[in-house]
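One structure below.
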Amino acid sequence: MTNNSKCVKYNDYFSDQLYTWCTNCGNYALHSALKRALVAEKIAPKDTLMVFDIGCHGNGADKIDAYTVHGIHGRVIPFAAGAQLANRNMKVFAFGGDGGILSEGINHLVHAIRCDFDLVFVLHNNRNYGLTTGQASATTPKGFEMNSAPNGVTEEPINPTEFVLSLDPTFVARGFSGNIKKLTQIFKQAINHQGFSFVEVLQDCPTYNSATPHNWYLERVIDVDIFDNYDRSDIKQAKKICKDMAEKIATGVLYKNEDSDDYYTRQPSRKDMKSELVEEVQQEQITELLEEFR
Ligand code: SF4
Ligand code: MG
């Protein structure tokens, strides 16, 4: 890891471990965009914590050279939030898939948005459980035949960005793994937002998701920057434009509220505190206390 935050290079984030994802998996582009954004923002690996959920994306935990944790399925957000609250000198990222985050751990997503923890959360949305060989997730298109639904999925899919926008968030973006330049710009803005930055990345899973492959997105993805009158501070506009997941799929930073305080800033007990919580950890002698209960 480099020790000089002022001079951060792309190669600083390279790991000696080789990637094992399938050919053309959307995860490659996402890692590339993430590293580019970190370098552009001059954030060194020693100042970066990345917490990975279980899933194909999670197998990237040792493929990037920062502080990384490979967590428990669906529980990545509380771990990342705790780490961020303990040491705000670290830039904290959490990564999860549409499987773990929108089923097992959806409660954590809801409360992280309510609390507005200051971290970047990236939802890898490839619309299936890839690691466990192609089961339907909460975002798999209705009617599509999956290993766990041989007769076709019978439930309506969740639109993650629409769902998050219903919870009064402070930063919502949607990117596409086929556009690394745009995804890099999105990550840069997410990094600079103070609060919970939700970034959904629509990505290809060529091995198990033939319903919405790379070319399907290429034909549909649009950039909100093409609209001169698009107002990112207007949540009503974001809610409207994010709905379409069939014809014109809006990408970019869709909503941003820079006027609210994040969770830590709102805590009266931390007002005027100069130290980080991690610096306040101390050993306590509890032998005497325990004796009382003998
Ligand atoms: Fe990527 Fe899908 Fe292969 Fe997993 S199964 S590595 S998500 S292409
Ligand atoms: Mg998935």
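The values are calculated or read from the model by the stated rules, or taken from the named source; none is laboratory data. None of the values given here were measured: they were computed from a predicted structure. Note that we place each Cβ from the backbone using ideal geometry, even for glycine, and neighbour counts take in every protein chain shown. To get the accessible areas, we keep the full protein, side chains included, count just its heavy atoms, and leave off ligands, DNA and RNA. Shrake-Rupley method; radii C 1.70, N 1.55, O 1.52, S 1.80 Å.
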Discussion item. Taking the Kirkwood radius as the inverse of the mean 1/r across Cα pairs, report the Rg/Rh of segment 137-269.
Written reply: 1.02
Practice prompt. Enumerate by residue number the GluC sites (Glu not before Pro) in segment 154-262 meeting two conditions: DSSP loop (anything except H, G, I, E, B), and at most 13 other Cβ atoms within 10 Å of the site's Cβ.
Written response: GLU155, GLU219, GLU247, GLU258
Item to complete: Could you grab the relative contact order for segment 10-291? Cα pairs under 8 Å, six or more apart, rounded to a whole percent.
Response: 18
Discussion item. Over segment 21-133, with the other protein chains present, what is the accessible area per residue in square angstrom, probe 1.4 angstrom?
Written reply: 32
Worksheet entry | segment 196-294: chymotrypsin sites (Phe, Trp or Tyr not before Pro) in DSSP coil with no more than 12 other Cβ atoms inside 10 Å | PHE293
Discussion item. Above 23 Å lies some portion of the pair distances; for the chain, what is it as a whole percent of all C-alpha pairs?
Written reply: 56
Item to complete: Return the calculated 222 nm mean residue ellipticity for the chain, to the nearest 500 deg cm²/dmol, obtained by summing -39500 (n - 2.57) across DSSP H runs with n ≥ 4 and dividing by the residue count.
Response: -7000 deg cm²/dmol
Worksheet item: Is segment 28-73 best put as rounded, prolate or oblate by its Cα gyration tensor, with a ≥ b ≥ c the root eigenvalues, rounded for a/c under 1.5, and otherwise prolate when a/b is larger than b/c, oblate when not?
Response: oblate
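Among DSSP bridges having both ends in the chain, what percentage is antiparallel? Round to the nearest 5.
So the antiparallel bridges amount to about 20 percent of the total.
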Item to complete: Hey, could you get me the Stokes-Einstein D for segment 130-206, Kirkwood radius over alpha-carbon pairs, 20 °C and 1.002 mPa s, rounded to whole µm² s⁻¹?
Response: 150
Practice prompt. May I ask for the distance between the Cα centers of segment 202-253 and segment 12-41, given as a whole number of Å?
Written response: 22
